[in-house]
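Only one structure is covered here, and it is reproduced in the block below.
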Amino acid sequence: IHTQFSLCRVRELFGQCLMSVWLALWTEGETQKVLMKDAKEHLAIVETQLKEKRFFGGVAIGLADIAGASVLSHWAGVLQEVAGITIMSDDEYPAIRRWMEDYNADEVVTECLPDRDQLVSHFTSIRGKCVAAAKSMLPNYLATK
């Protein structure tokens, strides 16, 4: 039961975090400022969860790392680069940064990660679709606030 609760909590936490990050990346103006604030608040919660742990489950990569957080580890930098904004600067969220490095350094994880340059190329080519998707998701997100 404890594990199920933890996984549900991680899914909820990362669902909120990743949605706010995604929307902040692809919106503009005052809306983006509000979403950036939301994203940073959610990232601060994730930071707290990782402060005294190497991975979300402790010393080894577990389901919570894979299911909930792997997007942050490899894709966040790519998406920030393509969107042209920074949500997580290099000096913010040291526990998340450490976790990202440890996660991405794992041999099994490394074998599964797509090539960064290919990701940049892909997301650059569909940037307009990302903006359109964010605009369509925004009303539902704002309705839950």
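So the values come out like this:
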{"quantity": "When residues of the stretch 50-69 are limited to those that are buried (at least 19 other Cβ atoms within 10 Å of the Cβ) and in a helix (DSSP H, G or I), the one modelled with the lowest pLDDT", "calculated": "Gly68"}
{"quantity": "Unique residue being in a helix (DSSP H, G or I), more than 11 Å from the chain's Cα centre (by Cα), surrounded by fewer than 21 Cβ atoms within 10 Å (Cβ to Cβ) and at pLDDT below 85 when the list is Gln4, Gln32", "calculated": "Gln4"}
{"quantity": "Cross-chain or 6+ apart pairs with Cβ under 6 Å, the stretch 10-23 first and of a type in the set (Phe, Trp, Tyr), then modelled with pLDDT of 85 or more and open to solvent by less than 40 Å² (accessible area, probe 1.4 Å)", "calculated": "none"}
{"quantity": "Residue satisfying all of: in the stretch 94-130; closer than 30 Å to Thr48 by Cα and β-branched (Val, Ile, Thr); least open to solvent (accessible area, probe 1.4 Å) among these", "calculated": "Ile96"}
{"quantity": "Members of the stretch 73-93 found to be surrounded by fewer than 16 Cβ atoms within 10 Å (Cβ to Cβ), closer than 21 Å to Gln118 by Cβ and in contact (Cβ under 8 Å) with a residue 24 or more places away in the chain, listed by number", "calculated": "Glu81"}
{"quantity": "Qualifying residues in the stretch 35-47 (those that are within 22 Å of Asp102 (Cα to Cα) and without any contact (Cβ under 8 Å) to a residue 40 or more places away in the chain) - the one surrounded by the fewest Cβ atoms within 10 Å (Cβ to Cβ)", "calculated": "Ile45"}
{"quantity": "Qualifying residue in the stretch 10-26 (condition: more than 18 Å from Thr144 (Cα to Cα) and either at pLDDT below 90 or in contact with a His (Cβ under 9 Å, 6 or more places away or on another chain) (or both))", "calculated": "yes"}
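The values are calculated or read from the model by the stated rules, or taken from the named source; none is laboratory data. Everything numeric in this text was worked out from a predicted model, so none of it was measured. When we count neighbours, we look across all protein chains shown, and the Cβ atoms used for this are built from the backbone with ideal geometry, even at glycine. Heads up: the accessible areas ignore ligands, DNA and RNA and are worked out on the full protein's heavy atoms, side chains in. Shrake-Rupley method; radii C 1.70, N 1.55, O 1.52, S 1.80 Å.
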